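Trainee: A single structure is presented below for examination.
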């Protein structure tokens, strides 16, 4: 049956982690299937948004400890290369990735939630960096979690390994916000609708601004942003967007029939 269910509806690819027996742990099969789903989205210009969600009570339980333990015993490499690739793929993808967090988030699952461009969780789910209690550390996910967290909060969460609420995860910056369970679908739909109103190229460039601006010193940043802005305004997408605004109609990329 597979570990990741993929469905495409009206330009939205929904990837559902569905390995409930292993609490959606980051095993080889799940990672391979998730990476394939992301690659499919990036290759298909008709896909405007990716929604990452889960079945079962756990969004993601982190590393698959059965597989990792077996690798230890056999002397195989314990590097989870596909996980690093997934994090990088989401960051570099021009397509917005929305996390619909419908279950608990443990260990490496925090990285999967944090790397989503926008993530909304049910307010009753719990988060926790449990790695130190297993004698390991949240090393890989620190790359995507630490830029979103204040140092003191990250230090406490990483060192204690305790569980905390979805609201606290939002305060930490790991997710965008937490909502009551009955409001989760409506909150996700609202975000997806807004994203589909944005120009596809513009959305990708907006992601680049967030991820890459900090890599430049102030003078270089202004020069880079000015050049990027000029390229955007000169694009056919911008011409269509400005024409649509002036003509008081929806832009062609929205798929609206009211042209």
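The values are calculated or read from the model by the stated rules, or taken from the named source; none is laboratory data. What you see is a predicted model, and the numbers here were worked out from it, not measured in a lab. Every residue, glycine among them, receives a Cβ derived from its backbone with ideal geometry; neighbour counts consider all protein chains shown.
Trainee: Within segment 235-259, take every residue that is in contact with a helix residue (DSSP H, G or I) (Cβ under 8 Å, 6 or more places away or on another chain) and not in a helix (DSSP H, G or I) and give me the one that is modelled with the lowest pLDDT. Give the derivation first.
Mentor: Narrowing segment 235-259 to residues in contact with a helix residue (DSSP H, G or I) (Cβ under 8 Å, 6 or more places away or on another chain): 235, 237-238, 240-241, 244, 250-255, 259.
The next check asks that each one be not in a helix (DSSP H, G or I); those that pass are 235, 250-251, 255, 259.
On the way: 235: 95, 250: 96, 251: 96, 255: 79, 259: 34.
The qualifying residue modelled with the lowest pLDDT is 259.
Trainee: Right, another one. Can you list the helices (runs of 4 or more DSSP H) found entirely within segment 69-187 that contain at least 2 residues being without any contact (Cβ under 8 Å) to a residue 24 or more places away in the chain, surrounded by fewer than 22 Cβ atoms within 10 Å (Cβ to Cβ) and more than 16 Å from the chain's Cα centre (by Cα)?
Mentor: 151-160
Trainee: Now, a different point. Applying the selection to segment 188-201, what residues are part of a helix (DSSP H, G or I), out of contact with any strand residue (DSSP E or B) (no Cβ under 7 Å at 6 or more places or on another chain) and over 14 Å from residue 10 (Cβ atoms)?
Mentor: Keep residues of segment 188-201 that are part of a helix (DSSP H, G or I), which gives 188-196, 200-201.
With out of contact with any strand residue (DSSP E or B) (no Cβ under 7 Å at 6 or more places or on another chain) added as a condition, the list becomes 189-190, 193-194, 200-201.
Listed by number, the residues that qualify are 190, 194, 200, 201.
Trainee: Among the residues that make up segment 39-59, is at least one of them at pLDDT 95 or above, in contact with a strand residue (DSSP E or B) (Cβ under 6 Å, 6 or more places away or on another chain), part of a helix (DSSP H, G or I) and assigned by TED's automatic domain parsing to the domain that holds residue 107?
Mentor: Yes, segment 39-59 contains at least one residue that is at pLDDT 95 or above, in contact with a strand residue (DSSP E or B) (Cβ under 6 Å, 6 or more places away or on another chain), part of a helix (DSSP H, G or I) and assigned by TED's automatic domain parsing to the domain that holds residue 107.
Trainee: Can you pull out every residue in segment 212-234 that is touching a helix residue (DSSP H, G or I) at 6+ places or on another chain (Cβ under 6 Å) and either in contact (Cβ under 8 Å) with a residue 24 or more places away in the chain or over 22 Å from residue 91 (Cβ atoms) (or both)?
Mentor: Result: 232, single match.
Trainee: Okay, moving on. Hey, can you tell me all the residues within segment 1-32 that are part of a strand (DSSP E or B) and out of contact with any strand residue (DSSP E or B) (no Cβ under 7 Å at 6 or more places or on another chain)?
Mentor: If the condition is that a residue be part of a strand (DSSP E or B) and out of contact with any strand residue (DSSP E or B) (no Cβ under 7 Å at 6 or more places or on another chain), then 8, 9 are the ones that fit.
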